[in-house]
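Here's the structure, in structure tokens; my notes come after.
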Amino acid sequence: MLPFKRFAEEKEVFESIFSQWSKESEEYSSFDLLENGKGNKIPFPRKLPTFELSTELEGIQDFQTMYTKLSEDFTTRESLYQSQYQKFEQYRNSINENIRSNENLKLDTIWWSKALYSPSLNQSYREFEGKIALIVMVSDLLSLMENAPPASISYLIFETVADLPNIDIEEKFSLEKIWEFYSKNKDSVPKETIRQLTIGYKDNWSLKDFVSYAFSDDSFDTDTAISKLSISKDTEISLPKLAQAIFREQSAENQVET
């Protein structure tokens with residue numbers, strides 16, 4: 001049984017006990033209660049879930065002392081109950097907030113995918129060349145993420161990039177072509193968009209690092225840049241797959257940093 005439920009049940013039982021004893025105390029004196037033929041035991045309801053009289057309480061022969069001890073015990077339990085209840089409320093509020101956040105994220109990403117419109121640049125993604133569009137799309141989608149994105153979001157960007165005009169999901173590009181395109185067209189993407197893609201390791205690059213360095217560093221030639229990748233130099237990749245890989249890698253890095 002959960003702690004807050006147990007304390008809630010005990011609270012109800014104790015309130016019933018105190019109400020009963022209050023009525024009895026109006027009819028009998030403390031002496032009468034002790035001499036009522038019940039073996040010098042104060043009348044006490046036996047059906048108490050998860051509560052048993054301690055040896056200390058059983059030895060008490062005065063009604064008022066007994067009542068005080070039980071009141072103190074109840075106060076302690078009441079405090080514990082309130083503490084547990086507050087934790088439960090915080091947990092419930094957190095769940096509700098996550099539900100609202102996920103619902104908002106769902107609506108925002110669906111709108112983003114259907115509109116094919118960049119809220120950061122106030123332009124349609126259709127106006128950009130495919131390789132430029134996917135960078136802007138990754139940046140915009142990342143800006144919608146407050147927490148770790150669901151796995152489905154990376155599939156959404158794949159489908160959204162694939163919906164752009166002149167994008168063939170079967171067409172694959174070599175690493176050489178990708179590097180040369182981005183290094184030659186670095187001025188085609190706003191700097192604030194590129195800043196969404198952080199540069200990771202100096203070696204063992206991911207595809208996200210590969211693209212980031214192409215935009216930001218002129219010191220690498222094509223062969224050197226490709227040699228730093230953690231994947232085969234002969235790798236070829238479609239633009240939807242490239243967008244998906246960059247989004248996943250940057251999302252993971254963002255979570256590590258937070």
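The numbers here are math on the coordinates, done by the rules we state, and not lab data. Quick caveat: nothing in here was measured; it's all calculated off a predicted structure. So basically every Cβ, Gly included, is an ideal-geometry build from the backbone, and we count neighbours across all protein chains shown.
Can you name every residue in region 92-112 that is of a type outside the set (A, V, I, L, M, F, W, C) and under 16 Å from S152 (Cα atoms)?
Within region 92-112, S101, N102, E103, N104, K106, D108, T109 meet the criteria.
Of all the listed residues (E257, E159, E192), the sole one being exposed (fewer than 13 other Cβ atoms within 10 Å of the Cβ), within 29 Å of L107 (Cβ to Cβ) and touching a Pro at 6+ places or on another chain (Cβ under 9 Å) is E159. If only residues of region 205-229 that are of a type in the set (S, T, N, Q) and within 30 Å of the chain's Cα centre (by Cα) are counted, the one that is nearest to L142 (Cα to Cα) is S212. In region 205-230, the qualifying residues are those that are outside any helix (DSSP H, G or I) and in contact (Cβ under 8 Å) with a residue 40 or more places away in the chain, and the one that is nearest to I194 (Cα to Cα) is S206.
Scanning region 133-153 for residues that are small (G, A, S), without any contact (Cβ under 8 Å) to a residue 60 or more places away in the chain and surrounded by fewer than 22 Cβ atoms within 10 Å (Cβ to Cβ) yields S143, A151, S152. So which of K228, K233 is surrounded by 14 or more Cβ atoms within 10 Å (Cβ to Cβ) and more than 26 Å from Y155 (Cβ to Cβ)? Result: K228 is the single residue among K228, K233 that is surrounded by 14 or more Cβ atoms within 10 Å (Cβ to Cβ) and more than 26 Å from Y155 (Cβ to Cβ). You will find that of N166, N204, N147, the residue that is of a type in the set (S, T, N, Q) and under 23 Å from N122 (Cβ atoms) is N166 and no other.
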